[in-house]
């Protein structure tokens, strides 16, 4: 196919003209040398480009930043602390449990990433992470859903956002493992969109002669992908009102926490968040704050160091509420975020991006050579008419798997699971703290969601091999 013959296709001709006007005609430099199949592949990508968005990207890339005003007033967000909710939980939890029983809840998991930083070339959710039985992250979450299904006599639909690079492998993994005991119709996969990156001259990047490089559009892309893939329409028709959102790397997530949901419902919130106390002023975690009287998240890199280190009379950090990417979000709110076009802002990150050379080689430069664009789920918070923020204990609910070694690593996540199991055994009165320290326990999420489920445990449910205890 000669590119000149595209003149017979008015829509494509108009697109190519607009691309040239935007300074992007270079993507056709290799067109005449491509096979017909390769030409069709490139044109398919061109047809899928949002040219208005591309114009905006070019403007942002040339300015080097997103044009967003600095907040005039930054204050700590109102947070329901652990001490506060522990006094109230018996009054609130029933509301969340009733919503679960009535089938008003769905789970959404962001799972588009690969385990590259773990030295693992596969979807991160397939990584084996429990210390004794070596269950994958996906199996852990599936078993938590099965526990809830049984406890509340319901069937919670699970929506898993994959990416173009891991969708097929993720779906195969579930099929090979019989969906970990869930009905196949209960598990829904939907694919995250990608967005083209731009080089340092604000031009589209070819990493192959027939391929425009793009990256996943950030965890905020969940909002758009749920809309684009018809998931929100499905939820609305099924009577689902509340979405429990979390990211695949958090092994300790308390799935569909009914107490958290109870507060969300009682306060008529549209989007609610869980937070943990920052370990120290320099911890790299976003902070939930009041930004010009609206709840939002300030990224750690954007928080003034003086504010990050500010303390109160008890020497506690003033801005301590670290976001852990766990939310309840109303289905109607997610629909509203899309009805007039995707509303979340874009963030720029200067990155090393593979690029095609004139000699036909694809290379990875030593220095950042372009800009990637991402959206963040927490940028929806200011759009909510009401929201709620709840503090939880880090050791109970947050242990992200990010790195092969060091902090937030394989070893730290495994140790956090051991530590939590010991803590629950002590809280349930089954062991003293000294006795618990002498064992390594793994607790099945299939039958136990917290220390309360261990009270009165039948000893036959504990499998012991030396110091290793498996409790189910």
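The values are calculated or read from the model by the stated rules, or taken from the named source; none is laboratory data. Computed from a prediction, not measured in an experiment: that's the story for all the values here. Methodologically, a virtual Cβ is constructed for each residue, glycine included, from the backbone with ideal geometry; neighbour enumeration extends over all protein chains shown.
Tabulated results
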{"item": "Elements of type strands (runs of 3 or more DSSP E) in the stretch 156-272, at least 3 residues being out of contact with any strand residue (DSSP E or B) (no Cβ under 8 Å at 6 or more places or on another chain) and farther than 22 Å from residue 143 by Cα", "result": "none"}
{"item": "Matching entry among 316, 330 (being under 28 Å from residue 254 (Cβ atoms) and out of contact with any strand residue (DSSP E or B) (no Cβ under 7 Å at 6 or more places or on another chain))", "result": "316"}
{"item": "Residues within the stretch 372-427 that are closer than 29 Å to residue 216 by Cβ, within 21 Å of the chain's Cα centre (by Cα) and not in a helix (DSSP H, G or I), tallied", "result": "21"}
{"item": "Flag for residue 115 being crowded, with 19+ Cβ neighbours inside 10 Å, touching a residue at least 12 places away in the same chain (Cβ under 8 Å) and not assigned by TED's automatic domain parsing to the domain that holds residue 445", "result": "yes"}
{"item": "Count of residues meeting criterion [in contact with a helix residue (DSSP H, G or I) (Cβ under 8 Å, 6 or more places away or on another chain) and within 28 Å of residue 274 (Cα to Cα)] in the stretch 199-217", "result": "1"}
{"item": "Scope the stretch 334-353; condition at pLDDT 95 or above, over 24 Å from residue 284 (Cβ atoms) and either within 18 Å of the chain's Cα centre (by Cα) or outside any helix (DSSP H, G or I) (or both); matching residues", "result": "334, 337"}
{"item": "Hits in the stretch 230-244 - residues which are surrounded by 14 or more Cβ atoms within 10 Å (Cβ to Cβ) and farther than 14 Å from residue 162 by Cα", "result": "232, 234, 235, 236, 240, 241, 242, 243, 244"}
{"item": "Filter result for residue 126 (in the same structural domain as residue 257 (by TED's automatic domain parsing) and surrounded by fewer than 19 Cβ atoms within 10 Å (Cβ to Cβ))", "result": "no"}
{"item": "So residue 401, is it more than 28 Å from residue 112 (Cβ to Cβ), in contact (Cβ under 8 Å) with a residue 12 or more places away in the chain and surrounded by 21 or more Cβ atoms within 10 Å (Cβ to Cβ)", "result": "no"}
{"item": "Residues within the stretch 354-367 that are part of a loop (DSSP other than H, G, I, E, B) and free of Cβ contacts under 8 Å to residues at least 24 places away in the same chain, tallied", "result": "8"}
{"item": "The stretch 146-164, residues that are closer than 24 Å to residue 220 by Cβ and surrounded by 15 or more Cβ atoms within 10 Å (Cβ to Cβ)", "result": "156, 157, 158, 159, 160, 161, 162, 163"}
{"item": "The stretch 303-331, residues that are surrounded by 13 or more Cβ atoms within 10 Å (Cβ to Cβ) and assigned to a helix (DSSP H, G or I)", "result": "307, 308, 331"}
